[in-house]
Amino acid sequence: MSAYGLHRVLEPAGVLPQQAWRLDADPVPAADEVIVAVERLNLDAASFRQLREQHGSGAAVRQAVLDIVAERGKMQNPVTGSGGMLLGTVLEVGPESPLGLKAGDRIATLVSLTLTPLKINDGLQDWDGEDEQVPCRGTAVLFGRSIAAVLPDDMSDELALSVMDVCGAPALTDRVVRRHPGAEVLVLGGGGKSGSLSLAAARQAGASRLVALVPTEKEADQVRKSGLADEVVIADARNPVAVAEAVGKQVDVTVVCVDVPGCEHGAILATADGGTVIFFSMATSFSAAALGAEGLAADVEMLVGNGYVPGHAAFALDLVRTQPGVRALFEQRQTA
């Protein structure tokens with residue numbers, strides 16, 4: 001038995017569950033494991049976008065997800081390498097589990113579906129394949145070193161799951177901005193889930209100038225109405241020159257929350273020497289980021305947002321509770 005789930009790896013031998021091609025998703029817990037009755041999957045934005053672009057129709061997307069989980073024992077998009085997270089109810093807790101959960105707790109997992117053993121039992125019959133939140137009946141396994149949070153009772157399951165899916169972004173943004181007192185901050189994708197939370201976190205951490213970059217006038221109008229940014233600019237985040245021109249004066253901290261590839265160089269160009277770029281998008285090419293910074297002679301620190309900061313779920317949920325603009329943007333996404 002391994003707290004990291006090594007005993008669940010079927011192939012190849014000797015790797016961690018996230019690296020594995022196939023996992024054992026048998027819903028019988030080892031001594032330190034927790035079995036969850038799955039109610040909803042939340043596919044990460046980059047994975048869902050790729051599936052829609054490749055397969056087109058909702059029915060084809062649904063079948064693609066079923067095929068991935070059946071073949072791999074987990075939900076890990078073979079193109080993006082990413083997965084998402086899930087919501088469910090604790091069914092069974094092993095006697096040595098350190099997670100502090102009990103049977104009947106309704107939880108959201110705060111670890112990726114790419115390393116979570118998963119079985120789908122209902123054929124995703126209640127999902128039309130048109131939304132990244134997936135009604136699902138099945139089982140999942142949490143390891144001794146997994147992370148989960150009990151769902152709050154003051155917001156809908158859909159809202160809580162959306163927030164927890166990206167809760168690492170605002171927590172790390174808060175940490176980084178506090179290291180740059182009075183920082184000027186740019187968020188690429190400022191109208192999305194992680195982007196709007198990162199704007200709110202940066203404001204709370206003392207940012208002196210907040211710039212949200214979005215792709216369309218419609219999204220710009222929504223962010224302006226939210227009051228989360230001092231400036232809202234429109235540009236294609238994949239066009240480095242357009243990003244730099246739209247932002248104008250370089251910023252101290254840039255947060256990349258865009259779910260399409262090719263946004264690395266614009267983020268670097270928009271960031272002043274001595275500044276920091278945080279990459280939260282699973283579509284990021286880290287070789288493109290590193291080589292791009294070198295080629296631009298850009299003296300910037302680049303951080304990979306790994307999705308975990310202690311206390312990140314509670315921090316993000318509190319932002320939604322206390323920042324009406326954030327909640328408004330989340331709820332607009334849910335009703336769109």
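Laid out as a table, the results:
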quantity	calculated
Among 30, 107, 48 the positive-end extreme of the charge dipole of region 1-117 (Cβ point charges)	48
Cβ-placed point charges (K, R +1; D, E -1), dipole of region 108-228 about Cα centre in debye, nearest 20	820
Net charge dipole size for region 1-135 [Lys, Arg +1 and Asp, Glu -1 on Cβ; Debye, nearest 20]	200
Calculated on alpha-carbon atoms, Rg and Dmax of region 217-281 in Å	11.7, 34
Rg ratio (alpha-carbon, reference 2.2 N^0.38 Å) - region 74-116	1.36
Rounded to the nearest 20 debye, dipole of the chain from Cβ charges on Lys, Arg, Asp, Glu	280
Amide H contacts of residue 116 (H built 1.01 Å from N, under 5 Å, at least 5 apart or other chain)	75
In region 60-131, the trypsin sites (Lys or Arg not before Pro) that fall in loop regions by DSSP, at most 12 other Cβ within 10 Å	102
Angstrom value of the Kirkwood radius, inverse mean 1/r, which spans all Cα pairs in region 168-335	15.3
Cβ-based exposure ranking for 271, 89, 139, 322, in which fewest neighbours within 10 Å come first	322, 89, 139, 271
Against the rule of thumb 2.2 N^0.38 Å, how large the Cα Rg of region 6-151 comes out	0.98
Ordering of 226-235, 32-41, 323-332, 49-58 by packing [mean C-beta count within 10 Å, highest first]	32-41, 226-235, 323-332, 49-58
Cα coordinate range in the chain, projected on the principal axes (Å, largest first)	56, 42, 39
DSSP H segments from the chain that extend 18 Å or more along their own axis, Cα-based, with Kyte-Doolittle mean of 0.5 or above	58-72
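We did not get these values from a lab; they are worked out from the coordinates using the rules stated. All values reported here derive from a predicted model rather than from experimental measurement. FYI the Cβ positions are ideal-geometry reconstructions off the backbone, even for glycines, and counts take in every protein chain you see.
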